[in-house]
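Below you'll find the structure, written out as structure tokens, and then a few comments.
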Amino acid sequence: MKAKKTYKPCDLIIYGALGDLSKRKLLISLYRLENANFIEPDTRIIGVDLHDIKNTGFVEIARKSLQEFLHDGIDESVWERFSARLSYLKIDLTQMDQYRQLNAVIDQKSRIMVNYFAVSPFLFKNICQGLAKSGILTENSRMVMEKPIGHDLKSSKEINDEVASVFSEKQVYRIDHYLGKETVLNLLALRFANSIFTTNWNHNTIDHIQITVAEEVGIEGRWDYFDKTGQLRDMLQNHLLQILTFIAMEPPANLEAESIHNEKIKVLKALRPITSNNVEEKTVRGQYTAGYIKGDAVPGYLEEDGANTESTTESFVALRVDIDNWRWAGVPFYLRTGKRLTGKRTEIVVYFKQLPHNIFKDSFRELPPNKLIIHLQPNEGVEIEMLNKIPGIDEHIKLKKTKLDLSFSDAFKKSRIFGGYEKLVLEAKNAWHHYKDTPKPYPAGTWGPVASVALIARDGRAWEE
Ligand code: BG6
């Protein structure tokens with residue numbers, strides 16, 4: 001079948017090709033794009049890493065990754081096309097002279113050069129310097145980087161300055177794969193294409209909003225990366241805040257990236273600061289201990305491979321966030337995310353306000369609030385929890401909680417739901433610092449530390465379970 005015409009052939013170079021991001025996400029997404037005929041026939045994928053392997057070694061590793069992480073199974077004809085694009089270069093990214101090897105391989109006359117930094121941010125500067133020294137970059141070159149871009153404001157500025165000295169802003173793609181997820185993008189449609197939501201989306205109708213990104217996985221052999229990063233920088237400051245801004249922003253004038261960007265920035269600027277004075281009340285940090293996931297015993301964070309047993313890095317965070325603007329005055333947002341929780345579940349729950357007077361006391365002493373539940377993954381869909389009369393000829397009207405349930409897989413049977421990287425590949429923290437509390441333990445396979453229940457219970461509310 002013919003490839004879609006709009007995408008140009010490129011040389012996609014994955015720095016950190018043998019790392020977790022590459023094996024668990026990038027190679028899988030690229031294969032799925034291949035399967036969907038979204039990759040130009042002339043596109044090549046060049047893996048770069050420190051290990052001494054041959055092209056065939058890289059192909060074998062890619063195949064193993066697909067076997068492990070691609071749940072739909074490998075189609076041999078797609079694999080044949082895909083594997084033919086793969087090649088490998090051994091480069092020590094800290095050694096400036098080694099980048100010259102790229103000059104012999106890259107062809108920028110007929111292809112765009114896309115440099116994907118799938119490595120720790122500590123290496124971002126090295127790659128920029130190495131590429132600059134090799135003299136290979138042209139205006140046809142692009143770079144893709146992901147969070148965390150640095151460890152704090154200072155290191156983030158340093159990385160961005162280094163990148164800017166080598167690439168112009170329009171060549172730089174700072175990506176968050178949650179923004180490529182179908183269901184996250186659907187938040188725009190849900191909010192701005194449906195008048196029942198546009199008119200009710202504020203403090204008059206909404207009591208509070210919960211955003212949960214629960215992961216079943218642990219750190220998956222990424223001790224070195226994760227322990228320096230933690231769940232706040234790995235998940236919350238990027239993925240959860242992106243979801244928060246989509247939920248809280250004002251309607252953008254149009255769908256241009258800049259219009260959306262400007263509205264998101266306004267939300268971020270209106271976030272009430274969490275300082276050393278209120279960090280204890282507004283946040284909870286946790287660290288998993290040994291437990292069970294789907295009946296299988298799993299080690300605690302401090303028992304993971306390569307662990308420093310003194311580590312106080314958090315694998316769970318819960319926050320109460322307030323947005324100080326007209327729309328959201330008095331509406332708290334509760335955010336939580338953790339590794340090794342009960343199951344994988346990303347969802348937004350909008351709790352509407354209770355009605356001022358209850359005329360159905362026979363059914364409920366207090367009327368439960370309506371809830372809008374947006375399932376981002378898995379089981380993508382939208383539910384509205386509402387009350388309805390139980391059919392019958394009894395003297396008293398009896399109510400029951402019922403659900404309007406829209407499952408995306410039922411509604412859009414023929415469409416493929418991509419995981420986030422496909423779309424983006426295609427478009428090529430500081431109060432805790434002063435607050436010396438250590439993360440609270442929680443057994444793997446639970447909903448996080450008990451303190452996170454207390455965080456929301458202080459406001460007379462409970463997490464959606
Ligand atoms: C990544 C984090 O950005 O997102 C990982 O580095 C995390 O630690 C992953 O597991 C979760 O992504 P998804 O798409 O599986 O929800």
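How much accessible surface does ARG174 have with a 1.4 Å probe, in Å² rounded to 10?
Surface open to solvent at ARG174 totals about 110 Å².
If you place +1 on the Cβ of every Lys and Arg and -1 on the Cβ of every Asp and Glu, how big does the dipole about the Cα centre of region 243-296 come out, in debye to the nearest 20? List each step's numbers first, then the result.
Numbers: 7 positive and 7 negative charges, 37 e Å.
In total the dipole reaches around 180 debye.
Calculate the all-directions average of the projected area of region 261-300's alpha-carbon convex hull, and give it in nm².
Details: hull surface 22.2 nm².
For region 261-300, the mean projected area of the Cα convex hull comes to 5.5 nm².
Excluding PHE69 itself, calculate the net charge of residues whose Cβ lies under 12 Å from the Cβ of PHE69, where each Lys or Arg counts +1 and each Asp or Glu counts -1.
Working: positive: LYS23, ARG24, LYS25, ARG32, ARG63, LYS64; negative: ASP20, GLU68, ASP72, GLU220.
Net charge around PHE69: +2.
How much length is gained on full extension from ASP305 to THR199, taking 0.36 nm per residue of separation minus their Cα-Cα distance? Please list the in-between numbers first.
Working: separation 106, 0.36 × 106 = 38.16 nm, distance 5.10 nm.
That works out to 33.1 nm of additional length.
What does the charge count near GLU216 come to, summing +1 for each Lys or Arg and -1 for each Asp or Glu among other residues with Cβ under 12 Å from its Cβ?
Details: positive: LYS294, LYS339, ARG340, LYS344, ARG345; negative: GLU215, GLU220, ASP296.
Residues close to GLU216 contribute a combined charge of +2.
For region 311-354, which chymotrypsin sites (Phe, Trp or Tyr not before Pro) are both in a DSSP coil and crowded by at most 13 other Cβ atoms within 10 Å?
Working: sites: PHE316, TRP326, TRP328, PHE333, TYR334, TYR351, PHE352; in loops: TRP326, TRP328.
In loop regions of region 311-354 (DSSP not H, G, I, E or B), the sparsely surrounded chymotrypsin sites (Phe, Trp or Tyr not before Pro) are TRP326.
Out of the DSSP beta bridges found with both residues in the chain, what percent are antiparallel (nearest 5)? Could the numbers behind the result be given before it?
On the way: 42 of 77 bridges.
Once the DSSP bridges in the chain are tallied, antiparallel ones form about 55 percent.
For each pair in LYS228/LYS266; LYS8/LYS269; LYS147/LYS339, compute the distance between the two Cα atoms and list the pairs where it is over 28 Å. The partial results should precede the final answer.
Values: LYS228/LYS266 30 Å; LYS8/LYS269 37 Å; LYS147/LYS339 17 Å.
Over 28 Å Cα-Cα: LYS228/LYS266; LYS8/LYS269.
Measure up LYS361/LYS401; LYS25/LYS344; LYS154/LYS264 against 18 Å on the Cα-Cα distance and list the ones that go over.
Among LYS361/LYS401; LYS25/LYS344; LYS154/LYS264, the Cα-Cα distance tops 18 Å for LYS154/LYS264.
What is the local net charge at THR198, summed over the other residues whose Cβ is closer than 12 Å to its Cβ (Lys, Arg +1; Asp, Glu -1)? Intermediate values should be presented prior to the final figure.
Numbers: positive: ARG191, ARG327; negative: GLU250.
That sum, taken over residues with Cβ under 12 Å, equals +1.
For the chain, what is Rg from Cα atoms divided by 2.2 N^0.38 Å, rounded to two decimals? Intermediate values should be presented prior to the final figure.
Numbers: Rg = 24.1 Å, N = 465, 2.2 N^0.38 = 22.7 Å.
With N residues counted in the chain, Rg over 2.2 N^0.38 Å equals 1.06.
Express in Å², to the nearest 10, the accessible area of LEU319 obtained by rolling a 1.4 Å probe over the protein heavy atoms while all chains stay in place.
So the heavy atoms of LEU319 present about 20 Å² to solvent.
Only sites in a loop by DSSP and with at most 13 other Cβ atoms within 10 Å count here; which trypsin sites (Lys or Arg not before Pro) in region 48-130 make the cut? It would help to have the intermediate numbers written out before the result.
Details: sites: LYS54, ARG63, LYS64, ARG81, ARG85, LYS90, ARG100, LYS109, ARG111, LYS125; in loops: LYS54, ARG85, LYS109, ARG111.
Sites meeting the loop and neighbour criteria: LYS54, LYS109.
The values are calculated or read from the model by the stated rules, or taken from the named source; none is laboratory data. This one's a predicted model, so the numbers in the text were calculated from it and none came from an experiment. So basically every Cβ, Gly included, is an ideal-geometry build from the backbone, and we count neighbours across all protein chains shown. Note: accessible area is taken over every heavy atom of the protein model, side chains too, but ligands, DNA and RNA are not part of it. Shrake-Rupley method; radii C 1.70, N 1.55, O 1.52, S 1.80 Å.
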